[in-house]
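What follows is a short report on a single structure.
The values are calculated or read from the model by the stated rules, or taken from the named source; none is laboratory data. Just so it is clear, the structure is predicted and the values come from calculations on it, not from any experiment. Reconstructed Cβ throughout: ideal geometry from the backbone, glycine too, with neighbour counts over all protein chains shown.
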Amino acid sequence: MRRMKSEWDVLLSKEIFLSKEEAEAKTSVWWDMKSFPVPSGYEAGQVAECIKSSLEKSGFRGPVTITAYGDLQQTPEHVLRALSSTGITLKHSYSS
C-alpha cells in the first residue's frame, strides 16, 4: 500500500538554494506540536533524524537545534521521553 504524503513530507521536501555561509550556519527549528503532531506511522524517536536529514538534503550542513513546543501536559509521556532522548528540547505552552 502506498503511503500518502503528509504535511510533514511536503514541508520537509521543499527545495532551497543556499550560499556556503547559509549552508554552514547554525539552524534552529521551532516545532509547533499542536499544529504539526508526530505524523501517523512515525515513531516520536524518529522525528529529530527526519528533520535533520531533510535539512541536510536541502543543503543545510551546520549544527541543528530542535525545540518542540506545545501543551506538554496533553502530550503522552512516552512521546515526550522519545523526543527528549533524541536531543529535542521540550517547551511547555498552554493550549488555547
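The table that follows gives values for the structure above.
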{"quantity": "Condition broken by residue 19, with the remaining ones in (1) among the hydroxyl-bearing types (Ser, Thr, Tyr); (2) at pLDDT 90 or above; (3) exposed (fewer than 12 other Cβ atoms within 10 Å of the Cβ) satisfied", "calculated": "(2)"}
{"quantity": "Any hit, segment 65-73, residues being surrounded by 14 or more Cβ atoms within 10 Å (Cβ to Cβ) and of a type in the set (S, T, N, Q)", "calculated": "no"}
{"quantity": "Selection from segment 16-34 of residues that are part of a loop (DSSP other than H, G, I, E, B) and over 19 Å from the mean Cα position of the chain (by Cα)", "calculated": "17, 18, 19"}
{"quantity": "Every residue from segment 55-85 that is of a type in the set (Lys, Arg), in a helix (DSSP H, G or I) and within 26 Å of residue 25 (Cα to Cα)", "calculated": "57"}
{"quantity": "Scan of segment 35-54 for residues that are farther than 22 Å from residue 73 by Cα and in a helix (DSSP H, G or I), ordered by number", "calculated": "49, 50, 51, 52, 53, 54"}
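A quick yes/no check of all residues on (1) at pLDDT below 90; (2) surrounded by 12 or more Cβ atoms within 10 Å (Cβ to Cβ):
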site: 23; (1), (2): yes, yes
site: 39; (1), (2): yes, yes
site: 46; (1), (2): no, yes
site: 58; (1), (2): yes, yes
site: 85; (1), (2): no, no
